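Student: The structure follows.
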Amino acid sequence: MEISFPKTLDEFKSLVEKLDIQCPEQWTYASEYKEEDIVEFLFLYGLWEYIGKFTPDRYTPESISRYRKWAEEVEFRQFEPYVPITEKLIKKGVTPEEISELVMHEAGGLAFNFCYAVDDTGYYSKDHKNLGLYIEDAAGAPEPEGRMGCLHEILFMARPRSYPTASD
């Protein structure tokens, strides 16, 4: 789905409602339009959109076989390590749905850790406390209050309701 950047608070609230995320009230409570809130939301929602691409149809025996064949057709192509691992899991009776759920869960954890690393760059290096994601102005300079922060704390508030939860 293509998303246009909301230009007003009402457009933003409408977008959040349309996307059907886990915690829309955390994004729509604002009484004023703040571009940085919208940028953070779209960034985090984009992470979830990517994570959502690890669907069960990607882990069926047929799709894994096609990917293996594609990789073996040309000498310089390589298949990802997930191909033989997935083949082993399927042989042991693990379903494509279970594999998908596991991969999506791990990708969500990676997204959380990525956001944490962006938020607290000083944790890893005291010499680089100013690293991070910044909103830029039209000339490409960082906005005065444009550092995106607390992303790991709000990541799960941008998760779509359709995201699978743990199965039994």
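Student: Of all GluC sites (Glu not before Pro) in region 17-58, which ones are in loop regions per DSSP and have a Cβ with at most 16 other Cβ atoms within 10 Å? List each step's numbers first, then the result.
Tutor: Details: sites: E17, E25, E32, E35, E36, E40, E49; in loops: E32.
For GluC sites (Glu not before Pro) across region 17-58 that sit outside H, G, I, E and B with at most 16 neighbouring Cβ atoms in 10 Å, the list reads E32.
Student: Still on this structure, I have one more. What does the accessible area per residue of region 7-116 come to in Å², with a 1.4 Å probe and no ligands, DNA or RNA counted? Display every interim value, and only then the final one.
Tutor: Working: 7090 Å² over 110 residues.
Here the residues of region 7-116 average 64 Å² of exposed surface.
Student: Follow-up question, since we're still on this one. What net charge do the residues around W70 carry, taking every other residue with its C-beta under 12 Å from that of W70, with Lys and Arg at +1 and Asp and Glu at -1? Intermediate results must be reported in sequence, preceding the final value.
Tutor: Numbers: positive: R66, R68, K69, R77; negative: E72, E73, E80.
For residues surrounding W70, the net value is +1.
Student: Ok, one more. Could you list which residues have their amide H under 5 Å from that of I21, counting only those 5 or more apart in sequence or on another chain, with H placed in the peptide plane?
Tutor: R161
Student: Only Cα pairs under 8 Å and at least 6 apart count here; give the relative contact order of region 1-127 as a rounded whole percent.
Tutor: Details: 61 pairs, mean separation 27.2, N = 127.
So the answer I get is 21 percent.
Student: Under the Karplus relation 6.51 cos²θ - 1.76 cosθ + 1.60, θ = phi - 60°, what is the ordered set of whole-Hz ³J(HN,Hα) values for region 7-20, x standing for Gly and Pro?
Tutor: 9, 9, 5, 5, 4, 5, 4, 5, 4, 4, 5, 5, 7, 6
Student: Give the accessible area for F41 in Å² (nearest 10); use a 1.4 Å probe, count only protein heavy atoms, and leave out ligands, DNA and RNA.
Tutor: About 0 Å², rounded to the nearest 10.
Student: Could you rank the peptides 86-92, 135-141 by their average count of other C-beta atoms within 10 Å per residue, with the highest value first? Present the calculation step by step, with values, prior to reporting the outcome.
Tutor: Numbers: 86-92: 14.0, 135-141: 9.3.
Result, highest mean Cβ count within 10 Å first: 86-92, 135-141.
Student: Further question on the same structure: Does region 1-85 classify as rounded, prolate or oblate by the C-alpha gyration tensor (a ≥ b ≥ c root eigenvalues; a/c under 1.5 gives rounded; else a/b over b/c gives prolate, otherwise oblate)?
Tutor: On the way: a/c = 4.05, a/b = 3.08, b/c = 1.32.
Prolate, because a/c is 1.5 or more and a/b exceeds b/c.
Student: Okay, moving on. What figure in square angstrom, to the nearest 10, would you give for the accessible area of F114 with a 1.4 Å probe?
Tutor: Roll a 1.4 Å probe over it and F114 shows about 100 Å².
The values are calculated or read from the model by the stated rules, or taken from the named source; none is laboratory data. A quick note: this is a predicted structure, and the numbers were derived from the prediction, not measured. Please note: Cβ atoms are built from the backbone with ideal geometry, for glycine as well, and neighbour counts cover all protein chains shown. SASA here: full protein model, heavy atoms, side chains in, ligands and nucleic acids out. Shrake-Rupley method; radii C 1.70, N 1.55, O 1.52, S 1.80 Å.
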